[in-house]
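A quick write-up on the structure given underneath.
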């Protein structure tokens with residue numbers, strides 16, 4: 001097996017040539033306290049407080065958590081709960097912007113001189129996995145036993161259609177990527193850096209190869225243009241031939257995976273002391289008048305970002321955070337740009353139409369394209385029958401929800417959706433089983 | 001602005017649909033269909049029309065009567081009708097064609113749950129039932145251009161030891177030999193095969209392994225005669241079966257190795273029946289037999305979850 005399987009999706013990366021355009025201050029900015037995986041951040045401001053670009057507005061709520069900084073200057077209007085696209089109700093800081101974008105005067109580059117201070121700086125940087133997952137970078141790089149890290153795999157695959165933010169990072173911020181590599185070498189003791197890039201980005205491959213010539217131990221792996229190359233397990237396998245097994249983290253295979261924009265953002269913070277307050281977002285999709293890359297202050301309502309791109313040329317049917325394969329649909333244009341937001345995609349009805357589901361014809365496409373060799377049809381049947389032992393054997397817990405199965409299904413069956421449900425019910429069942437076992441003891 | 005749709009990912013889907021796949025199969029069958037009309041005359045068109053119409057109306061009627069969801073628009077009944085007709089001799093009486101079509105659609109397909117649920121190929125099963133019930137199913141007619149007087153098929157001639165009466169290999173290739181309507185023209189079937197491969201409707205595994213097995217075994221058991229092996233490949237319903245019947249989704253294994261095993265089994269059985277059986281043609285029985293084994297082959301060759309760890 002030379003590569004894990006996957007599918008060909010349309011690229012639609014027509015914004016790749018557009019250097020990101022800086023967007024000004026929005027009228028209002030929203031900061032939900034969940035913009036990462038882990039515990040919600042805890043607001044440290046109250047209504048009436050003045051904030052500037054880079055002012056801490058919520059501190060990390062635990063070890064796996066991340067602080068949130070204001071991307072705008074203005075006055076805090078309120079701190080109360082809002083409903084997120086994920087369905088969760090979380091505390092949100094609302095800031096009324098003054099339009100001046102005054103930078104917080106207290107910002108200064110962090111004092112970094114050893115591993116501990118480096119990780120501490122990362123913790124303060126507010127940087128999380130910017131590829132979309134939002135896992136706090138300080139936790140990911142804060143490995144206790146540094147000798148376990150053999151390779152750092154830099155994710156430049158950007159396999160989702162439309163998205164070109166990482167592409168622009170590789171083209172425009174090569175120096176910062178290099179600085180990030182040197183930081184990891186110095187403070188984490190890593191000597192091997194592999195950047196994986198899909199072969200549909202020849203410009204990035206060229207740029208990163210020339211960067212690799214300047215940094216010892218860095219090499220470029222050209223990945224096939226097969227979705228989902230950017231998925232952690234697929235990327236690690238295709239760059240190092242190591243398979244992250246069930247229940248393992250990449251570090252168990254001696255690997256840390258970091259998104260290319262995340263790495264550049266780490267370097268920027270260490271150099272300037274400016275935490276994560278803005279984000280390069282690809283604004284695209286059939287309904288967008290002027291598709292382009294935009295650097296927007298975090299907290300900007302997506303409606304204002306779309307307006308900045310000329311609004312909609314046709315009625316949007318779906319607005320997405322992220323790409324069309326794994327992104328989340330937004331119900332309301334006041335939803336803000338978050339740390340992990342790498343794309344704002346407005347799809348027309350033609351592009352996103354949900355066709356009627358027809359009977360399964362057992363063509364086997366779903367199982368043949370699954371990167372992890374799962375059998376979605378069998379999983380759906382076991383889930384319908386609430387046969388948890390079968391779900392356990394079918395390893396539905398491995399499903400990374402990449403959506404390949406649903407994408408290829410000619411009968412338009414909701415396969416990945418059923419996998420998600422099956423995963424949740426299997427988890428519940430396993431937890432209950434564990435509880436019973438501990439009760440017995 | 002009207003309300004936004006907020007269904008879960010993925011938000012885009014491929015353009016491949018069940019109806020589209022069936023349409024591709026129909027297009028792939030058209031060369032063989034044209035050849036059947038050219039070789040056997042307008043009656044080939046007439047019989048095919050009867051089979052297709054009966055299959056479509058039979059499916060519609062069954063779904064209406066049993067109040068099931070109407071799936072007749074997916075064109076799969078058209079494919080079944082065409083395949084059944086291609087497996088029949090041109091002189092089959094109309095009423096037998098109608099009965100065969102109803103067996104295929106109602107008994108073999110719908111009674112087992114409709115599209116995707118049948119375990120045996122509808123057209124093939126119907127053909128075998130007709131073969132065992134009606135003598136006319138094996139009363140083959142010679143097409144235009146064929147030199148032979150009677151309607152003995154090449155494989156029957158070989159079985160009888162009348163090898164000197166065999167049509168030339170070239171005639172076998174373009175279909176000028178006795179047989180079922182749609183099975184004789186090898187070149188038309190191969191064109192359909194290439195089309196299906198290009199459209200990624202099927203993979204090469206089953207057809208190539210199936211035909212390759214028959215070719216190899218025939219070659220090895222005929223004193224290494226390439227000619228004899230080629231007659232086995234071009235004779236009977238081998239190409240039609242290997243390309244269009246042994247690649248049916250519901251009744252064959254889904255994975256690559258499953259398809260290889262399936263093709264191998266079909267090839268072995270076809271060779272065995274042709275060589276040692278009393279019946280000169282074995283493709284239908286071979287595929288049908290392998291259809292029954294499909295669940296086991298599928299289980300045996302199912303993909304293993306990558307990186308999965310056995311439960312303690």
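When residues in the stretch A:69-91 are screened for being in contact (Cβ under 8 Å) with a residue 60 or more places away in the chain and either in the same structural domain as residue A:121 (by TED's automatic domain parsing) or closer than 27 Å to residue A:121 by Cβ (or both), 4 of them pass.
Each row is one residue, and each column tells you yes or no for (1) at pLDDT 95 or above; (2) surrounded by fewer than 21 Cβ atoms within 10 Å (Cβ to Cβ); (3) out of contact with any helix residue (DSSP H, G or I) (no Cβ under 6 Å at 6 or more places or on another chain).
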residue: B:248; (1), (2), (3): yes, no, yes
residue: B:261; (1), (2), (3): yes, no, no
residue: B:292; (1), (2), (3): yes, yes, yes
residue: B:296; (1), (2), (3): yes, yes, yes
residue: B:305; (1), (2), (3): no, yes, no
residue: B:312; (1), (2), (3): no, yes, yes
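Against the condition modelled with pLDDT of 95 or more, surrounded by 24 or more Cβ atoms within 10 Å (Cβ to Cβ) and touching a helix residue (DSSP H, G or I) at 6+ places or on another chain (Cβ under 6 Å), how does residue B:186 come out, does it pass? For residue B:186, the condition - modelled with pLDDT of 95 or more, surrounded by 24 or more Cβ atoms within 10 Å (Cβ to Cβ) and touching a helix residue (DSSP H, G or I) at 6+ places or on another chain (Cβ under 6 Å) - is not met.
Matching residues to (1) modelled with pLDDT under 90; (2) farther than 30 Å from residue B:69 by Cα:
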| residue | (1), (2) |
| --- | --- |
| B:117 | no, no |
| B:127 | no, no |
| B:138 | yes, yes |
| B:142 | yes, yes |
| B:145 | yes, yes |
| B:150 | yes, yes |
| B:169 | no, yes |
| B:180 | no, yes |
| B:193 | no, yes |
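In the stretch A:407-434, which residues are at the interface with chain B (Cβ under 9 Å from one of its Cβ atoms), more than 15 Å from residue A:5 (Cα to Cα) and in contact (Cβ under 8 Å) with a residue 40 or more places away in the chain? Answer for the stretch A:407-434, where residues must be at the interface with chain B (Cβ under 9 Å from one of its Cβ atoms), more than 15 Å from residue A:5 (Cα to Cα) and in contact (Cβ under 8 Å) with a residue 40 or more places away in the chain: A:409, A:410, A:411, A:412, A:414, A:416. Restricting the stretch A:149-165 to residues that are in a loop (DSSP other than H, G, I, E, B) and in contact with a strand residue (DSSP E or B) (Cβ under 6 Å, 6 or more places away or on another chain), the residue that is farthest from residue A:344 (Cα to Cα) is A:149.
Residue A:41 meets each of the listed conditions (1) surrounded by 15 or more Cβ atoms within 10 Å (Cβ to Cβ); (2) more than 15 Å from residue A:282 (Cβ to Cβ); (3) more than 19 Å from the chain's Cα centre (by Cα) apart from (3).
Before we move on, is residue B:310 over 18 Å from the mean Cα position of the chain (by Cα), under 30 Å from residue A:247 (Cα atoms), without any contact (Cβ under 8 Å) to a residue 24 or more places away in the chain and part of a helix (DSSP H, G or I)? When the stated conditions are applied, residue B:310 does not pass them. Each residue in the stretch A:96-116 was checked for being outside any loop (DSSP other than H, G, I, E, B) and free of Cβ contacts under 8 Å to residues at least 12 places away in the same chain, and 1 pass.
Of the residues making up the stretch A:293-349, just one is out of contact with any strand residue (DSSP E or B) (no Cβ under 9 Å at 6 or more places or on another chain) and surrounded by 24 or more Cβ atoms within 10 Å (Cβ to Cβ), namely A:326. Of all residues in the stretch B:159-173, exactly one satisfies the criterion of being crowded, with 19+ Cβ neighbours inside 10 Å and in a helix (DSSP H, G or I), namely B:172. The residues on offer are B:156, B:228, B:152, and the sole one that is crowded, with 19+ Cβ neighbours inside 10 Å and either out of contact with any helix residue (DSSP H, G or I) (no Cβ under 8 Å at 6 or more places or on another chain) or assigned to a helix (DSSP H, G or I) (or both) is B:156.
The set of residues from the stretch A:344-359 being modelled with pLDDT under 95 and either in a strand (DSSP E or B) or over 13 Å from residue B:5 (Cα atoms) (or both) comprises A:355, A:356, A:357, A:358, A:359.
Checking A:182, A:176, A:207 one by one, the residue that is at pLDDT 95 or above, surrounded by fewer than 19 Cβ atoms within 10 Å (Cβ to Cβ) and not in a strand (DSSP E or B) is A:182 and no other. Scan the stretch A:367-399 for residues that are more than 12 Å from chain B (Cβ to nearest Cβ) and not in a helix (DSSP H, G or I) and jot them down. Hits for the stretch A:367-399 are A:385, A:386, A:387.
Residues in the stretch A:188-208 include at least one that is in the same structural domain as residue A:130 (by TED's automatic domain parsing), within 19 Å of the chain's Cα centre (by Cα) and over 30 Å from residue A:114 (Cα atoms). Residues in the stretch A:88-120 that are within 27 Å of residue A:230 (Cα to Cα) and surrounded by 17 or more Cβ atoms within 10 Å (Cβ to Cβ) were compared, and the one that is nearest to the chain's Cα centre (by Cα) is A:119. Whenever a residue of the stretch A:274-295 is free of Cβ contacts under 8 Å to residues at least 40 places away in the same chain, its partners that are in a strand (DSSP E or B), lying with C-beta atoms within less than 7 angstrom and at least six residues away or across chains, give the pairs A:289/A:312.
Looking only at residues of the stretch B:15-30 that are surrounded by fewer than 19 Cβ atoms within 10 Å (Cβ to Cβ) and either part of a loop (DSSP other than H, G, I, E, B) or over 35 Å from the mean Cα position of the chain (by Cα) (or both), we find that the one that is farthest from the other protein chains (Cβ to nearest Cβ) is B:15.
Restricting A:361, A:330 to residues that are over 18 Å from residue A:409 (Cα atoms), touching a residue at least 12 places away in the same chain (Cβ under 8 Å), touching a helix residue (DSSP H, G or I) at 6+ places or on another chain (Cβ under 7 Å) and at the interface with chain B (Cβ under 8 Å from one of its Cβ atoms) narrows the list to A:330. When residue A:270 is tested against (1) within 14 Å of chain B (Cβ to nearest Cβ); (2) surrounded by fewer than 22 Cβ atoms within 10 Å (Cβ to Cβ); (3) part of a helix (DSSP H, G or I), only condition (1) is not met.
Looking only at residues in the stretch B:44-73 that are assigned to a helix (DSSP H, G or I) and out of contact with any helix residue (DSSP H, G or I) (no Cβ under 9 Å at 6 or more places or on another chain), which one is surrounded by the most Cβ atoms within 10 Å (Cβ to Cβ)? Among those residues, the one meeting the criterion is B:64.
Looking only at the stretch A:380-406, filter to residues that are surrounded by 18 or more Cβ atoms within 10 Å (Cβ to Cβ) and out of contact with any helix residue (DSSP H, G or I) (no Cβ under 8 Å at 6 or more places or on another chain); which one of those is nearest to residue B:250 (Cα to Cα)? Checked the stretch A:380-406; the qualifying residue nearest to residue B:250 (Cα to Cα) is A:395.
Flag: residue A:438 does not match the condition of being surrounded by fewer than 16 Cβ atoms within 10 Å (Cβ to Cβ) and not in a helix (DSSP H, G or I). Within the stretch B:91-113, being surrounded by fewer than 22 Cβ atoms within 10 Å (Cβ to Cβ), in contact (Cβ under 8 Å) with a residue 24 or more places away in the chain and not in a helix (DSSP H, G or I) holds for B:91, B:93.
The values are calculated or read from the model by the stated rules, or taken from the named source; none is laboratory data. Predicted model, so just to flag it, every value in this text is computed and none were measured. All Cβ positions, glycine included, derive from the backbone under ideal geometry; neighbour counts span all protein chains shown.
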